[in-house]
Amino acid sequence: MRLDIRTPIGLMFSIFGGLLLVFGIVTEGDAIYERSLGINVNASWGAVLLAFGAAMLWLGRAHPAPPPVSDAPPEGPSPS
Amino acid sequence: MDQGIQLGGIDYVILAIYFVFVLGIGWALKAHQKTSEDFFLSGRSIPAWIAGLAFLSANLGAQEVIGMAASGAKYGIATSHFYWVGAIPAMVFVGVFMMPFYYGSRARSVPEYLKLRFDEKTRGFNAISFASMTVFSSGISMYALAKLFQVLLGWDFDFSIWISALIVLVYIYMGGLTSAIYNEVLQFFLIVLGFIPLVFLGLRDAGGWDGLVARLHGVATANGYPEGAWTQSWAHMGSPQSNPMGVEWFGMVMGLGFVLSFGYWCTDFLVVQRAMAADSMASARRTPLIAAVPKMLFPFLVIFPGMIAVALTYQGGDGFTLPRMADGTYDYTMSIPMMLGHYFPPGILGLGLTALMASFMSGMAGNVTAFNTVWTYDIYQSYIKKDGTDQHYLWMGRMTTIFGILVSVGCAYLATAFNNIMDFLQLVFAFVNAPLFATFLLGMFWRRATGHGAFFGLVLGTLAAAVHHGLTLPAGAAVGIKGGWLPGSPLHTYPSEMAQNFWTAIWAWTVCFVATIAISWLTRQKKSDDDLKGLVWALTPKIKEHGLPWWKTPEGLGALVLAMAVVLNAVFW
């Protein structure tokens, strides 16, 4: 199992975050933000997602998962 | 629905990216599925934190998310009892006390544990009822989601069902349980990060926590309850009449806290499978404990939206309002979907809907992976083809994934035609599940409990649930699916459906517990102490993890988790 799940999670949220951030900046001041009480949630939450994604990617790189250690008991009663 | 939600291009882009990642994870794990154990148990190689989040996420289906918000609107903060009285203590119990048996016995499923501990018929009973339960519940949630997307977005009902079924099928077919677990972790973060801004905006609109409390006081008095009925979880539990749940503290603690929650978290293979996939005993025991920490915070994410929705609705004006159903009552299940549409502009709206989609997929994948394992190991390998090669069972697992999803889709369509039949089936399964915890408790802690005792105890417990349901009725309900179908009923009328459910569970558990003990005394124990080693508490060597500070041991972690739950209960008392 050499897929570190933090990498795809980090990647996906970085993309979501980047997308929302750019979309939020482009639509700044648009009437769509009347819904969200005048807050540009796309830009602000996009930035949060981007930071989360980047942190996940960094964790996956900087602290790779150690190889699994198994202290599972030896084969027990054979199930049939 | 008077106002459908219009999705913009960017929302579809976000949904599409999510689909790409979900399928990509399945594809990346394809090469690792070499044995049946890889496919069904992830080769027992999952680290604790991943297993923990998957443990949580598998339970976090769309029904849970939508249903908890609906309860939040209907019953207020008392809904948190499902978490802070129900789930958390049960999760600590399963991690500290039960995992040593589940993981240590090398059983590959919950029914298989029952076979090792008791006998073949007990396993068969559990395997068959569990397998049918999983396909039905995944069918019901598929129906609910397709219906929601139809109403909300105007999506074609068939399209919603088939596209989501196909995606779940592909990623499980390719990557087995590992793929389901990895995707559940992804879905977990998506659900959390998709709903936080919703709660933030809703709470802001309601005037913060103080504003919300003030508005909910109005909701409570308008419905004839004391002021704090929606905002205090314990203060009004003294009598069933003073809170909207219609239960008093004893029925709630015993029915919900003890029987239903322990029954679900400790014996439902859907969640237990995630811990069994952990890479070591230490990780398996920590899986539910790690899951308990975010679980405890989930009320803020799923119950708060419902409370906010009802508060704003009663306030009136041109702000947020819940839609009404045909009979004029509010449709509480629409709390989260309507809030998404009300507060989220295009862009983040795509994220919110993707989160809803993710919660649905994680719930469905949980059901499908549990189904294919129980079917392949406990039904197919046990009764149909005993001597297949491992490759044959791996193949069977893949075929069962296809078969299970097709049956689920069939159930979803069945639900469109016969809504009552699905309600009825869910009820029957609730009858089966409630007594099961008594069987496990006795099986794990009393070596004298016998196979006959367990089997007939379960059957009698299930019957007791049915009889109790047949003799009682919730106030104002019609005879039929809600109960009261036995002659001579109703012997008792409960203030609410919830109260009736809790007491049905209490009766089922008690009858199963007493009957199992009585029948065990009357029958011979066929398993020697040696057979029961690793399966019963007294005959299992205690696990000691040396060199850890107390708060890093499972017991210490469990105590910390419980202390946090006590604090939360006190804060919202």
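Listed values, structure above:
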quantity	calculated
Test: residue in region A:31-47 that is exposed (fewer than 15 other Cβ atoms within 10 Å of the Cβ), within 8 Å of chain B (Cβ to nearest Cβ) and not in a helix (DSSP H, G or I)	yes
Hits in region B:271-287 (condition: assigned to a helix (DSSP H, G or I) and surrounded by fewer than 24 Cβ atoms within 10 Å (Cβ to Cβ))	B:281, B:282
Among the residues listed as B:4, B:8, B:24, B:67, the single one being within 10 Å of another protein chain (Cβ to nearest Cβ), surrounded by fewer than 23 Cβ atoms within 10 Å (Cβ to Cβ) and modelled with pLDDT under 90	B:8
One residue from B:349, B:340 being in contact with an Asp or Glu (Cβ under 6 Å, 6 or more places away or on another chain), within 14 Å of chain A (Cβ to nearest Cβ) and aliphatic (A, V, I, L, M)	B:349
Residue check for residue B:148: under 20 Å from residue B:322 (Cβ atoms), assigned to a helix (DSSP H, G or I) and within 12 Å of chain A (Cβ to nearest Cβ)	no
Residues that are surrounded by 22 or more Cβ atoms within 10 Å (Cβ to Cβ), out of contact with any Asp or Glu (no Cβ under 6 Å at 6 or more places or on another chain) and either outside any helix (DSSP H, G or I) or within 11 Å of chain A (Cβ to nearest Cβ) (or both), drawn from region B:49-61	B:50, B:53, B:60, B:61
Flag if residue B:300 is among the aromatic types (Phe, Trp, Tyr), out of contact with any strand residue (DSSP E or B) (no Cβ under 9 Å at 6 or more places or on another chain) and buried (at least 22 other Cβ atoms within 10 Å of the Cβ)	no
Only one of B:326, B:235 that is among the aliphatic types (A, V, I, L, M), without any contact (Cβ under 8 Å) to a residue 40 or more places away in the chain and not in a helix (DSSP H, G or I)	B:326
Residue B:274 within 20 Å of the chain's Cα centre (by Cα) and in contact (Cβ under 8 Å) with a residue 12 or more places away in the chain	yes
Answer from B:523, B:540 - the residue that is away from chain A (no Cβ under 14 Å), of a type in the set (S, T, N, Q), out of contact with any strand residue (DSSP E or B) (no Cβ under 7 Å at 6 or more places or on another chain) and under 20 Å from residue B:442 (Cα atoms)	B:523
Hits in region B:352-380 (condition: within 14 Å of chain A (Cβ to nearest Cβ), over 30 Å from residue A:24 (Cβ atoms) and in contact with a Phe, Trp or Tyr (Cβ under 8 Å, 6 or more places away or on another chain))	B:373, B:374, B:376, B:377, B:380
Hey, residue B:510 within 21 Å of residue B:124 (Cα to Cα), among the β-branched types (Val, Ile, Thr) and either in contact (Cβ under 8 Å) with a residue 12 or more places away in the chain or in contact with a helix residue (DSSP H, G or I) (Cβ under 9 Å, 6 or more places away or on another chain) (or both) or not	no
Close pairs (7 angstrom Cβ cut-off, 6 or more residues apart or separate chains): closer than 16 Å to residue B:572 by Cα in region B:200-229, outside any helix (DSSP H, G or I) and among the aliphatic types (A, V, I, L, M) anywhere	B:212/B:206; B:228/B:235
Residue count, region B:106-143 (criterion: touching a Phe, Trp or Tyr at 6+ places or on another chain (Cβ under 6 Å) and part of a loop (DSSP other than H, G, I, E, B))	3
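Listed here are the residues, each with its yes/no results for (1) within 26 Å of the chain's Cα centre (by Cα); (2) crowded, with 18+ Cβ neighbours inside 10 Å.
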residue: B:313; (1), (2): no, yes
residue: B:323; (1), (2): no, no
residue: B:344; (1), (2): no, yes
residue: B:351; (1), (2): yes, yes
residue: B:355; (1), (2): yes, yes
residue: B:363; (1), (2): yes, yes
residue: B:377; (1), (2): yes, yes
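Results for (1) among the acidic types (Asp, Glu); (2) within 11 Å of chain A (Cβ to nearest Cβ); (3) within 21 Å of the chain's Cα centre (by Cα), shown as yes or no for each residue.
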{"residue": "B:178", "(1), (2), (3)": "no, yes, yes"}
{"residue": "B:186", "(1), (2), (3)": "no, yes, yes"}
{"residue": "B:189", "(1), (2), (3)": "no, yes, yes"}
{"residue": "B:201", "(1), (2), (3)": "no, yes, no"}
{"residue": "B:208", "(1), (2), (3)": "no, no, no"}
{"residue": "B:253", "(1), (2), (3)": "no, no, yes"}
{"residue": "B:258", "(1), (2), (3)": "no, no, yes"}
{"residue": "B:269", "(1), (2), (3)": "no, no, yes"}
{"residue": "B:291", "(1), (2), (3)": "no, no, yes"}
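The values are calculated or read from the model by the stated rules, or taken from the named source; none is laboratory data. Only a predicted model underlies this, so the values are computations on that prediction, with no experimental measurement involved. Here Cβ is always computed from backbone atoms with ideal geometry, including for glycine, and neighbour counts include all displayed protein chains.
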